[in-house]
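Worksheet: one structure, shown below.
The values are calculated or read from the model by the stated rules, or taken from the named source; none is laboratory data. Not measured: the values here are computed from a predicted model. Glycine also receives a Cβ, built like all others from the backbone with ideal geometry; neighbour counts cover every protein chain displayed. Side chains are part of the model used for accessible areas, which takes the heavy atoms of the whole protein and leaves out ligands, DNA and RNA. Shrake-Rupley method; radii C 1.70, N 1.55, O 1.52, S 1.80 Å.
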Amino acid sequence: MAAFNPDQPRSGKGRFEYTLTGAERDRDAAKLREQGLTYQAIADQLGFCDKGEAHHAVRRVLTATVREAGEALRDLEDARLDAELVRLNELEAVVWEVLKKKHVTVSNGKVIYLGSEPLEDDAPVLLAVDRLMKIEDSRRRNGESRRKLHGLDAEKKINVSGGVRYEIVGVDPDDLT
C-alpha cells in the first residue's frame, strides 16, 4: 500500500498530479532496474514505500516509452497516408484531362469515319471512368486506414439497463400458482 504523502501536489479534483520530480524518480527506477536491481532494492534506494511502488514506477516509464514510440510511428504513417492522397489527386487530374479530350476510333492506323464525322471512341472514356472509381476506392481505404490508426473505429461499449417482463398469453396467472 502506498504511503500517504501530504506534500504531493493534487489537481483541482483532489487527485495526485504527476510531477517532474516524480517522473525523474520513475526514470531513475527504470535505470536501476535496467542495471539488474530488484524492485525491493530500487524501493530502498529511491525511497518508495515498497517494491510494488518501485514496480509501478518502472511500468510507468515503459508505458510512456511505448506510447512515444507509437506516436512517432503514427506520425510516420499519417505522413505516408498524406503522400498517398497527394498522388491520388495528381492521378485524378491526369484522368480528368483524358476525359476532356475527344477520342476517335482508329483501325490499322486510320481514323474511322461515320459519314463525314470521325467515329468517337468510348473506350478511353470508359477506362478513365473506371480509373476514377478506383481512385475514389483508394481514397476510401486511405480514410479507413487513418481512422484505424487513430482509433476512431474502436468498438464502443453500450450499457443497457432495464428489466424484462414476460407475459404468457392464453394462461390465467392464478392457474400458475
Dipole-positive endmost among 123, 66, 81 within the chain (Cβ charges, Cα centre): 66
Measure nothing but the geometry: give the 0 to 90° angle between the long axis through the Cα atoms of 51-100 and the longest principal axis through the Cα atoms of the chain, rounded to 10°. 10 degrees
Note on the chain: contact order normalised by length, alpha-carbon pairs under 8 Å, 6 or more apart, percent, works out to 13 percent
Taking only protein heavy atoms and a 1.4 Å probe, what accessible area per residue, in Å², does the stretch 14-67 have with all protein chains in place? 67 Å²
Quote the charge dipole size of the stretch 128-177 about the Cα centre in Debye, to the nearest 20; the model charges only the Cβ of Lys and Arg (+1) and of Asp and Glu (-1). 960 debye
Accessible area per residue, Å², the stretch 93-171 with all protein chains present, probe 1.4 Å: 88 Å²
Estimated [θ] at 222 nm from DSSP helical runs (n ≥ 4, -39500 (n - 2.57)) normalised by residues in the chain, nearest 500: -20500 deg cm²/dmol
Largest to smallest principal axis extent of the C-alpha atoms in the stretch 72-177, angstrom: 96, 52, 19
For the stretch 108-177 and the stretch 23-90, compute the distance between their C-alpha centroids and round to whole Å. 40 Å
Can you give me the P(r) profile for the chain? Cα pairs, bins 10 angstrom wide beginning at 0, each as a whole percent. 7, 16, 13, 14, 12, 12, 12, 8, 5, 1
Compute the signed sum of charges (Lys and Arg +1, Asp and Glu -1) over the other residues within less than 13 Å, Cβ to Cβ, of residue 71. -2
At 1.4 Å probe size, with the rest of the protein present, what percent of the exposed accessible area of the chain is carbon and sulfur atoms? 54 percent
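So, counting K/R as plus one and D/E as minus one, what does the shell of residues with Cβ under 12 Å around residue 105 add up to?
Residues close to residue 105 contribute a combined charge of -2.
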Once you have the Cα-Cα distance between residue 94 and residue 112, take 0.36 nm times their residue separation minus that, and quote the gain in nm to one decimal. 3.9 nm
Which pairs break 32 Å Cα to Cα here: 13/157; 102/148; 101/148; 51/148; 13/156? 102/148; 101/148; 51/148
If you place +1 on the Cβ of every Lys and Arg, -1 on the Cβ of every Asp and Glu, and leave all else neutral, what size is the dipole of the chain about its Cα centre, to the nearest 20 Debye? 600 debye
Please give the net charge around residue 38, taking every other residue with its beta carbon less than 11 angstrom from that of residue 38, where Lys and Arg add +1 and Asp and Glu add -1. +1
Could you sort 74, 146 by accessible area so the largest value comes first, with the probe set to 1.4 Å? 74, 146
